[in-house]
Each structure stands twice: as C-alpha cells, then as structure tokens.
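Okay, structure first, notes after.
The values are calculated or read from the model by the stated rules, or taken from the named source; none is laboratory data. All figures in this text were calculated on a predicted structure; none of them were measured in a lab. Because the Cβ atoms are built from the backbone with ideal geometry, glycine has one as well, and the counts that use them run over all protein chains shown.
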Amino acid sequence: MQKITLAIADDHPMMRKGVDITVKAFEHIDLIIKASNGRELIEKIKAQPPDVVLMDLRMPEMDGFETTTHLRANYPGMMILALSFFDEESTMAEFMKAGGNGYLTKEAGAKELKEAINTVMQTGYYFSDNVSKVILKNLSGDQQTNPELHGAADFTKRELKIIRMICNEHTTADIAKKLFLSPKTIEGYRKTILGKVGAKNTAGLAIYAMKNGLIMTG
C-alpha cells in the first residue's frame, strides 16, 4: 500500500501526542508535521506538503476555518479533515464552505481515524455515520448545509451515474475502467459536475447528493 503523509494542527499537546502514538501503528501512514495552530502549520507545510491534514477548528492565532481556506487556495490537491469536538451542522457547514474534505469528531478511535484517512485519499471525502446523520437531519429542514450549493442542477444520465459512483467511493481509475473511458475524461466530467452544483470539491458534491436524494445513506 502506498505511503500516506499526514499533518495535524491542534493546540492541545495531548491531542497531537495521541494522534502521533495512534498513527505509529499504521504501517502506511506517516505523521510528518505537528503544529499547534494554523500559522505554524502553514509554515511547516512549505517544506513538505502532506497528503492529508487533520485540522482542529478552534485554535489561537489562526483557526481551522481560516487555515483551511488558505490551504485549499494554495494546495488544491491536499485532503483536509476536520478533527473537532463540535458536531453542530453550522460548524460543519462553515468548514465545508472553507473547502474541507471531511469531518470526524475527536472521540473517533484508531479504526475510524485510519478509515477516514484511507477513504479521503481514495474518494476525496469522508463523513462518519454520526456526522452524516447530523447533515441529513438538517437537510430535511429548510436550511442547506452549504448555502452556496445550487438548489437544482440538470444532469445527463452519464453525469448522474458518475455522481453515484463517486459518492459510493469509486476512484477516478475505477470509474474510467467501468465506463470504458479515460481517467482524463472522467476528471472532465467531475469538473463539470462540480461546476453545476457549485461545490469546491468531492465533499461538497457528496453533501449535494445526500440533500437531493441522489445517493442512499445508512
């Protein structure tokens, strides 16, 4: 399995230490950066950008929302997972608007942490079962999880199929193989779809798909 490099930004030393100890048991994941706030993380990332960032949302000097916005603009391929005590819909919405790829709470165990890192690298998004329930609960009302997402979009049959495959954790290579198309063509479809729904990344697309009943959720 290919190595995944990881960074964590959290102002609690015990949280950073706990993740460090946990990740050491994962043979294919290396924690290469530990930072106490967003500003420190940005400085350290310049030397060696990681594949995945675990982002605390409430930090001094530069919080996780501002840091995520900066990283999304400067490292578009970087995967950013919120690691927070807060699981309110408004907090999730703010993080997703900043360009986050997924969300898990600090109560997550080693198994879920590993799953989140692997999944976000494979699919571009990750939401735990509890987070998905919070999103869906709020989507059932009048509020939208991301107010920038377009309320309706006109998809072709091919686009709908690709949306469902993306949201069911198929990689670009998998989709290309199944549809007898090139990965470059699938990426073209993906960009078109993101443009239609007004999403910044696959995580935003997943939320749109849940909101509009395009995928089944547990």
Where residues in the stretch 49-91 are of a type in the set (Asp, Glu) and part of a loop (DSSP other than H, G, I, E, B), which of them is farthest from residue 16 (Cα to Cα)? 88
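Being in contact with a strand residue (DSSP E or B) (Cβ under 9 Å, 6 or more places away or on another chain) and either charged (D, E, K, R) or part of a strand (DSSP E or B) (or both) is the filter here, so list the residues in the stretch 92-113 that pass it.
To start, the set of residues in the stretch 92-113 that are in contact with a strand residue (DSSP E or B) (Cβ under 9 Å, 6 or more places away or on another chain) comprises 92, 95-96, 98-106, 108, 112-113.
Correct list: 102, 103, 104, 105, 106, 112.
Can you name the residue in the stretch 4-27 that is of a type outside the set (A, V, I, L, M) and touching a strand residue (DSSP E or B) at 6+ places or on another chain (Cβ under 6 Å) and, of all such residues, is surrounded by the fewest Cβ atoms within 10 Å (Cβ to Cβ)? Break it down into steps so the answer makes sense when it comes.
Narrowing the stretch 4-27 to residues of a type outside the set (A, V, I, L, M): 5, 10-13, 16-18, 20, 22, 24, 26-27.
Adding the requirement that they be touching a strand residue (DSSP E or B) at 6+ places or on another chain (Cβ under 6 Å) leaves 5, 16, 20.
Numbers: 5: 15, 16: 19, 20: 13.
For the stretch 4-27, the residue satisfying everything is 20.
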Among the residues listed as 87, 10, 56, the single one being modelled with pLDDT under 90, touching a helix residue (DSSP H, G or I) at 6+ places or on another chain (Cβ under 6 Å) and assigned by TED's automatic domain parsing to the domain that holds residue 122: 87
